[in-house]
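Everything below concerns the one structure shown next.
The values are calculated or read from the model by the stated rules, or taken from the named source; none is laboratory data. Everything quoted here is computed from the prediction, not taken from an experiment. Methodologically, a virtual Cβ is constructed for each residue, glycine included, from the backbone with ideal geometry; neighbour enumeration extends over all protein chains shown.
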Amino acid sequence: MSDGPVLSHRGSLVSESRQLLARVRNVMAGADENQAQFNQISKLIATYMTAEVCSIYICRSDNRLELYATQGLKASAVHNTFLRVGEGIIGDIAASGRPFALADAQAHPNFAYRPETGEEIYSSLMGVPILRGGRVIGVLDVQNRTQRDYIDEEVETLQTVAMVLAELIAGGDNAVQREASALDEESTNPLRIEGILLSEGQGMGRAFLHSPRVNIEKMVANDPTLEHERLQHAFGDMHVALDEMLAEKVLLKSGEPKEVLETYRLIAEDAGWLKRIEEAINTGLTAEAAVQKVQNGIRARMGQTADPYLRERVHDFDDLAHRLVTHLMVENGDALAKRIPDEAILIARSMGPAQLLDYDASKLKGLVLEEGSRTSHVAIVARALGIPVIGRVQDLVSRVNEFDVIIVDANHNQVLIRPDEVARNAFEESIGALEKHRQRYVALIDKSAVTKDGVQVDLSINAGLMIDLAHLKNSNAAGVGLYRTEIPFMVRSKFPRVDEQTHLYKQVLDNANGKPVVFRTLDIGGDKVLPYWEIENEDNPSMGWRAIRVALDRPALLRRQLRAMIRAAAGRELYIMFPMVAEVPEFIQARAFVDIELAREKERGAVTPKQVRVGVMLEVPSLAFQLNALCPLVDFISVGSNDLCQFLFASDRGNPRLADRYDMLSPIVLTFLKSIVTTCDKANVPLSLCGEMAGRPLEAMALIGLGFKRLSMTGSSIGPVKEMVLGMDMSEVQNALRTLFDSPEHSLRDALTLLAKEQGLSVNAGA
Ligand code: PEP
Ligand code: MG
């Protein structure tokens, strides 16, 4: 069958859509008062879309949708009919940010009947969200008496008109904007909003809105051919700029941000994206408006997904769309350049890594995002640059004004907007105190961590990015007690080849300068998702197919990684550690692959490591019950207390509701750890602990009291923990603990805090 008729039908729809847009623009340019403009527009839409009804709903700040104008429903319902976001089909459209097209709307389970509107005689309904800056500010719908199936092109047309309407609702200084805006009396008051920590640190500065609410002046085009040319031009310019940036940023100290940028530039080449923008121009929009429309669609379709990889791609597309619009506007002569304050806090809904690198990092005191996760690319780059970041701050962008004073307090998961004098002073004091602590820790760099009663404790760092290795030098730590190899895998777009991995591990060893580095083999699965690794959805991913389980089922993956480690450590010492081992046979199987790879390298005549030590992470409780069998087989053991405790208490470590439910300093944990220390000591197996608790002074004091002599922690914790070690008396803590193991208490935290106080220890420093 030929597709001629479909094409010509589509062609006529496109030209109708253009005509409709031109008429809507004329109404908007006219001198009529606002309500009259909305009335005329709803009438125009109903006529052009051959619908009996066209209604415009506007979001109010109390999260209700007000029927603002209608053609076809009862006029008396206007300004009197309200629906909550999420209520009825209109509310569903607003909640999901997605279009709905229903031939029989009344049969829909969420249909909410409003008798005052007289809508019971209409069967079908097609509605689209009115979006501005990615936020739903209203809903536009049409209704028909007969049951009819709306086609995709009609939905597209309604979406295009909704974009133009968004400008009428939010643009200029009309009354609707003032009423509909979420910015209300709050906008000058101090606010404290909680978020999640994406990059450690604190900073104060003036708000700088990353995406200045770009006002696209002209939404409707006069000449589509010209718009296509402008798009091609701007797209070419954007590519050149991205290439240049990539070449420049190669100079970055760490390899990972460059990897991120490369992935990101590839997205710009996604032909589907460009094609959709071209199609939007065909419907009558300017190039800028077309980019925005396609971006709205991407956000609507992908923004809701729980898949972290897809969510990150939405940010990358946001970044590109913003870049493209900027190129179009610059070409147009529209002034965009704004001066960033010398001490700036960047404010954004989301941000791609390249966008962050566009700024002069020396001026950035912090970054606050409405979205983001710890594994997002922008967070990884920010950490590499030492910029504090808070993410998931609700409604941030609408609550901040340009140049407001902002305090980013990432360490306490909060952001203070327009803080009053008391808060500012407190912040400055706390920065001053932190600086004093820092200076104290710097003074300890050359001292070994030895307790008052002469027990030497090795303090190592946990690492995953090259930049983390800087802490090895800064803090003079003993080595890298845990190198999480999955982190470099997570920022790439495909599995690194053996030679790439070899290069990476070699760089790590070179940077460690002879200090031991414990490479943990891939711990993927659970909360660590590789964008290019398809794992079926699991009900309990952290107890699912992850870490050693994946490695043993996919030995090629493990063997390639081991091969790279062996090659990287040629002539040097190599430490390899397997994660999530639940029983001895798993370790035996994994260790056998080390021997196979070593033999292979020897056969090739390659230089092999001077010595290979193979160890295991103790993070699944079952393994603790097979320690007598395990100890003779391993060269070392490291306790992963993060996972060990989540499995011990059956309490998801990532669930904020459970975060305070159980305490690491409970008699249960301490008794359990004590039994592990006793068995390992008896068998003479070196034991360390590399979970988060090792980096907290009070917890570290308890661990040393239990007999741990090696702790591995985040680099910034070395100073506070070392200070505590230097002041503690190991045998006193050991004796005190003996009396506490059988306590029926929920936690021994209070008792241990008292003990620390008696010893004159500062256990809260650095918190
Ligand atoms: C742990 O589980 O304690 C650990 C150190 O590993 P990760 O946090 O990477 O799971
Ligand atoms: Mg773990």
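Filtering the stretch 474-493 for residues that are within 16 Å of ligand 2 (Cβ to nearest atom), part of a loop (DSSP other than H, G, I, E, B), among the polar types (S, T, N, Q) and at pLDDT 85 or above leaves a non-empty set. Scanning the stretch 660-695 for residues that are within 16 Å of ligand 2 (Cβ to nearest atom) and not hydrophobic (A, V, I, L, M, F, W, C) gives SER688, GLY691, GLU692, GLY695.
Considering the stretch 62-76, and only residues there that are part of a strand (DSSP E or B) and of a type in the set (D, E, K, R), the residue that is farthest from ASP141 (Cα to Cα) turns out to be ARG64. Residue under question is ILE387, and the condition is that it be assigned to a loop (DSSP other than H, G, I, E, B) and either under 13 Å from the mean Cα position of the chain (by Cα) or among the aliphatic types (A, V, I, L, M) (or both); does it hold? Yes; evaluated as a whole, the condition is true for this residue. Condition test on PRO632, is it in a helix (DSSP H, G or I), more than 16 Å from ligand 2 (Cβ to nearest atom), assigned by TED's automatic domain parsing to the domain that holds GLN561 and in contact (Cβ under 8 Å) with a residue 12 or more places away in the chain? Yes; evaluated as a whole, the condition is true for this residue.
One line per residue, one yes/no per condition, for (1) at pLDDT 95 or above; (2) within 16 Å of ligand 1 (Cβ to nearest atom); (3) not small (Gly, Ala, Ser):
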{"residue": "ARG549", "(1), (2), (3)": "yes, yes, yes"}
{"residue": "ARG560", "(1), (2), (3)": "yes, no, yes"}
{"residue": "GLU601", "(1), (2), (3)": "yes, no, yes"}
{"residue": "ALA624", "(1), (2), (3)": "yes, yes, no"}
{"residue": "VAL634", "(1), (2), (3)": "yes, no, yes"}
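Give the residues of the stretch 696-714 that are surrounded by 24 or more Cβ atoms within 10 Å (Cβ to Cβ), of a type outside the set (A, V, I, L, M, F, W, C) and within 16 Å of ligand 2 (Cβ to nearest atom), sorted by residue number. If the condition is that a residue be surrounded by 24 or more Cβ atoms within 10 Å (Cβ to Cβ), of a type outside the set (A, V, I, L, M, F, W, C) and within 16 Å of ligand 2 (Cβ to nearest atom), then SER712 is the only one that fits. Selection of the stretch 507-540 for residues being more than 16 Å from LEU558 (Cβ to Cβ) and aromatic (Phe, Trp, Tyr) yields only TYR532. For the stretch 636-651, the set of residues classified as buried (at least 17 other Cβ atoms within 10 Å of the Cβ) and more than 14 Å from ligand 1 (Cβ to nearest atom) consists of PHE636 only.
Results for (1) within 20 Å of PRO686 (Cα to Cα); (2) of a type in the set (Lys, Arg), shown as yes or no for each residue.
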| residue | (1), (2) |
| --- | --- |
| ARG440 | no, yes |
| LYS452 | no, yes |
| SER460 | yes, no |
| LEU472 | no, no |
| SER475 | no, no |
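Being in a helix (DSSP H, G or I), farther than 16 Å from ILE668 by Cβ and not aliphatic (A, V, I, L, M): is that true of GLU723 here? Criteria met by GLU723. In this structure, ARG591 does satisfy being of a type in the set (Lys, Arg), more than 16 Å from ligand 2 (Cβ to nearest atom), surrounded by fewer than 21 Cβ atoms within 10 Å (Cβ to Cβ) and not in a loop (DSSP other than H, G, I, E, B). Could you please let me know if LEU522 is within 16 Å of ligand 2 (Cβ to nearest atom) and within 20 Å of GLY640 (Cα to Cα)? For LEU522, the condition - within 16 Å of ligand 2 (Cβ to nearest atom) and within 20 Å of GLY640 (Cα to Cα) - is met.
Tell me, yes or no, whether the stretch 309-327 has at least one residue that is among the hydroxyl-bearing types (Ser, Thr, Tyr), over 26 Å from ALA207 (Cα atoms) and either modelled with pLDDT under 80 or crowded, with 20+ Cβ neighbours inside 10 Å (or both).
Looking for residues that are among the hydroxyl-bearing types (Ser, Thr, Tyr), over 26 Å from ALA207 (Cα atoms) and either modelled with pLDDT under 80 or crowded, with 20+ Cβ neighbours inside 10 Å (or both), one finds at least one in the stretch 309-327, hence yes.
Within the stretch 103-154, the residues that satisfy the criterion of being over 41 Å from the mean Cα position of the chain (by Cα) and closer than 29 Å to SER15 by Cβ are TYR122, SER123, ASN144, ARG145, THR146, GLN147, ARG148.
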